[in-house]
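The values are calculated or read from the model by the stated rules, or taken from the named source; none is laboratory data. This structure is a prediction, so every number in the text was calculated from the model and none was measured. Neighbour counts run over all protein chains shown; Cβ positions are idealised from the backbone, glycine included. To get the accessible areas, we keep the full protein, side chains included, count just its heavy atoms, and leave off ligands, DNA and RNA. Shrake-Rupley method; radii C 1.70, N 1.55, O 1.52, S 1.80 Å.
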Amino acid sequence: MFKATIDAELFKDAVDVVSVLVDESIFSTDEEVIISKAVEPANAAMVILEMKKDAFDIYESDSHDLGIDLKRLSTVLDMAQRGDMVELELEDHKLKIVMGGLRYHLSLLDPSTIRKIPKVPQIQLPAKVVVDGSTIQRAIKAASTVGSYVALGVEDESFYIETEGDTDKLRFVLGKDELIDLQGDDVRSLFSLDYLRSITKSRAFGRGIVTLEIGIDYPIKISFSFADDKIKALYIVAPRVEAV
Amino acid sequence: MFKATIDAELFKDAVDVVSVLVDESIFSTDEEVIISKAVEPANAAMVILEMKKDAFDIYESDSHDLGIDLKRLSTVLDMAQRGDMVELELEDHKLKIVMGGLRYHLSLLDPSTIRKIPKVPQIQLPAKVVVDGSTIQRAIKAASTVGSYVALGVEDESFYIETEGDTDKLRFVLGKDELIDLQGDDVRSLFSLDYLRSITKSRAFGRGIVTLEIGIDYPIKISFSFADDKIKALYIVAPRVEAV
Amino acid sequence: MFKATIDAELFKDAVDVVSVLVDESIFSTDEEVIISKAVEPANAAMVILEMKKDAFDIYESDSHDLGIDLKRLSTVLDMAQRGDMVELELEDHKLKIVMGGLRYHLSLLDPSTIRKIPKVPQIQLPAKVVVDGSTIQRAIKAASTVGSYVALGVEDESFYIETEGDTDKLRFVLGKDELIDLQGDDVRSLFSLDYLRSITKSRAFGRGIVTLEIGIDYPIKISFSFADDKIKALYIVAPRVEAV
């Protein structure tokens, strides 16, 4: 049994946390929480979405693995009007979605056909930057007009995003007073802009307070939460090793 | 002689009633009214536009059959600015269109080259639904993300729009209190979404109160009026027979 | 040495004066002014941009010829947020661009690789029309839905823009009271809509008061200024000879 009611726009934001990175994902439900973990095809970026029971107005669930076609689900949620609630229910192996007068039966994917999630790496990272999501969104968008890779780092009490194209170079620096928090050591890691572009583009990312945990040539952890911390998003992106 | 003055935006809305379905149409004028009847190439959907003399600020006309390239006329009317009046005049076998400082001479098409209009069928339909055009617009748009055909029907004192894709199913239900009026028997007919998508997309449709007359596996009549009933639009769409 | 600070949006508007016509241009700086002259590949349209020292908050410069990739510069300036100032500085043969926390090093092009500017013709034209840029913008946009060439002229104390397509004809007339100024003789010259479409599309053009100087089958001069006349734009477009 799975039966839940939630603000449609909020649910759309939660689904988008995953859909910016992959097309299909398993939503694992139990009595307390829905968790979706997914990894993009090249295994270089991973997402973990956690929606607590409290994020929902109504929530009752046994343990289920729901295989979701995220594009199709997004299309349905796009039909919502501002303020609509969405009712979700597992019915005859389909996800019944009810919003206003609209009733949609979404076929579920066989979970065994969806890419397996590797174990989430337990990593401790030496630097932490807390900043408005919209600032990161803007910087990554700017960087992607210049190059294919971007370095994120901390030095001189500042956080920077840096990219080099064939001829031009862009550096975006935020001092301590332009950040919400900055802790830890000097670090620098290089990432593919493709993944960062995808991760930063969602509406919830742009509206949120984002925590970046960075190391030296090490994976980055990018996290934010919304709906009073009842919905949490975590991305882990593998680094590129810089050519010497 | 044909000479008429009308609010440019209103005239654009009237022209769009026809242009959503066909590219060319005959506008038949006489002393009292302009009527344009047109049928789309597959003969499955028909439109009848009626503009009464009173819809115009100035209107003087003999009987004429004006062959109109609707795309070209729409492009001209798109040049209007809010509040512009448009003056229309038949001059040297062209339609002279004057708006503000702009003067456009639109070539007329030879009416004999435009697809013939079949006789408008006289049909009585057992159910009638009256509803906001914007609600139908939204439901048809949603349906077209799922399938190619859509069933419109009445059952249990409710009006429904239903469509099935390869795997998913969408049903949009409006109860009596969400409708302006609902009369008659239980009915259900299936239509190609292409035609309904075209018909419902115009601005005037979305702003209007729409009457749907529905039968059992029978054509549908879709009508609305605007400019205080001085401009009337009627569509008749042939049904698809449902596969058993 | 070249070092200048200016409102980012204003600088974007100035760059666009040139970029609507060509992709690369030389910005020649000296102690008092930046001038950029460029001609489009077919030699039929030319632009001269002049930015006085006073348009800048800070301006210090020796004589330099800076070869600018205008598309790349526009992309950088698009990263500005409303109210941002942009600092420009010549550094290691690159143009350093600083806006907020963003620092961009723009490679300069070798001026010898950029199309040579022919001598600017000294021409006196018999008629002068002064009019809102937005009106010309709208008329040229309308004309380009009809034909490929457009005649600009003066007759009967009015300014007109006229174009003919295969079947239709559009004429846009502005009387003396709809113009800011109208002086001189009756004139008429024909131009390619491509150039006029490009020239009129910039934001600064649409916001400005534009002076058109017109002759009989002769080049047209189109000029406007902004930032309290501290930035000046002049276009000269060669005429097409009308088929008799």
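In peptide C:97-103, what is the residue-averaged number of other protein chain Cβ atoms found within 10 Å of each Cβ? It would help to have the intermediate numbers written out before the result.
On the way: counts 2, 2, 2, 6, 12, 9, 7.
The shielding value for this peptide is 6.
Straight-line reach only, C-alpha to C-alpha below 12 angstrom: list the aspartates and glutamates that B:Lys12 could link to, leaving out same-chain residues fewer than 8 apart.
B:Asp78, B:Asp84
Taking a label point 7 Å out from Cα toward Cβ, give me the nm distances from A:Gln183 to the same spot in the other copies, shortest first, one decimal.
So the label point of A:Gln183 gives 7.2, 7.2 nm to the other copies.
For the pairs B:Lys3/B:Lys53; B:Lys71/C:Lys201; C:Lys201/C:Lys221, note any where the Cα-Cα span goes beyond 20 Å.
With Cα atoms farther than 20 Å apart: B:Lys71/C:Lys201.
For chain B, what ratio Rg/Rh do Cα atoms give with a Kirkwood hydrodynamic radius?
Values: Rg = 19.0 Å, Rh = 18.9 Å.
On the Cα set of chain B, Rg over Rh gives 1.00.
Suppose accessible area is computed on protein heavy atoms with a 1.4 Å probe; arrange B:Val20, C:Val131 from highest to lowest. Spell out each step's value before the answer.
Values: B:Val20 20, C:Val131 0 Å².
Accessible-area ranking of B:Val20, C:Val131, largest first: B:Val20, C:Val131.
Which whole number gives the average count of other chain Cβ atoms within 10 Å of the Cβ atoms across peptide A:163-171?
For peptide A:163-171, the averaged partner shielding equals 5.
Near the axis that takes chain C to chain A, which C residue has its beta carbon closest, and at how many Å?
Here the nearest residue and distance are C:Arg82, 15.
Using the 2.2 N^0.38 Å rule of thumb for compact globular proteins, work out how region B:193-236 stacks up: its C-alpha Rg over that value, please.
On the way: Rg = 10.9 Å, N = 44, 2.2 N^0.38 = 9.3 Å.
It is 1.18.
Which of rounded, prolate, oblate describes region B:132-179, given a ≥ b ≥ c as roots of the alpha-carbon gyration tensor eigenvalues and a/c under 1.5 marking rounded, otherwise prolate only if a/b is larger than b/c?
Working: a/c = 2.74, a/b = 1.54, b/c = 1.77.
Here region B:132-179 falls in the oblate category.
Two decimals is fine: what's Rg over Rh for region A:29-131, C-alpha atoms, Kirkwood radius as Rh?
So for region A:29-131, dividing Rg by the Kirkwood Rh gives 1.01.
Report the charge-dipole magnitude of region B:127-237 in Debye, nearest 20, computed about the Cα centre from +1 at each Lys and Arg Cβ and -1 at each Asp and Glu Cβ. List each step's numbers first, then the result.
Details: 14 positive and 18 negative charges, 137 e Å.
Here the size comes out at about 660 debye.
Please give the helix B:8-19 orientation as an angle from the longest Cα principal axis of chain B, in degrees from 0 to 90, rounded to the nearest 10.
50 degrees
Longest exposed-loop-site-free stretch of chain A, with GluC sites (Glu not before Pro), DSSP loop and at most 15 other Cβ within 10 Å? Intermediate results must be reported in sequence, preceding the final value.
Values: sites that count: A:Glu31, A:Glu32, A:Glu157, A:Glu242.
Counting only loop sites that pass the neighbour cut-off, the longest clear stretch is A:33-156.
When the convex hull of the C-alpha atoms of region A:109-188 is computed, what volume per residue in Å³ does it have? Walk me through the numbers on the way to the answer.
Working: hull volume 12.6 nm³, N = 80.
Dividing the Cα hull volume of region A:109-188 by its residue count gives 157 Å³.
Leaving out ligands, DNA and RNA, what percent of the accessible area of the protein assembly as shown is carbon and sulfur, probe 1.4 Å?
44 percent
How many angstrom lie between the C-alpha centres of region B:103-154 and region C:1-77?
Their Cα centres are 54 Å away from one another.
Just check the protein assembly as shown against the gyration tensor rule for me: Cα atoms, a ≥ b ≥ c as the square roots of the eigenvalues, rounded for a/c under 1.5, and otherwise prolate or oblate depending on whether a/b exceeds b/c. Mind showing how you got there, number by number?
Values: a/c = 2.73, a/b = 1.00, b/c = 2.73.
Because a/c hits 1.5 or more and a/b fails to exceed b/c, the protein assembly as shown counts as oblate.
If you count, for every residue in B:36-43, the Cβ atoms of partner chains within 10 Å of its Cβ, what is the mean? Walk me through the numbers on the way to the answer.
Details: counts 0, 0, 0, 0, 0, 0, 0, 0.
Taking the mean over all residues of the peptide, I get 0.
Please give the helix C:133-143 orientation as an angle from the longest Cα principal axis of chain C, in degrees from 0 to 90, rounded to the nearest 10.
Long axis of C:133-143 versus the principal axis of chain C: about 60 degrees.
Which value at 222 nm does chain C reach when only helices count, each DSSP H run of 4 or more adding -39,500 (n - 2.57), with the total divided by all residues and rounded to the nearest 500 deg cm²/dmol?
Value at 222 nm, helices only: -5000 deg cm²/dmol.
With every atom except the alpha carbons ignored, what do you get for Rg and Dmax of region B:127-237, in angstroms?
For region B:127-237, the Cα-based Rg and Dmax read 13.1, 45 Å.
Taking the label point 7 Å from Cα in the Cβ direction, how far apart in nm is B:Gln81 from each other copy of itself, listed shortest first?
Ordered by distance, the counterparts are at 3.4, 3.4 nm.
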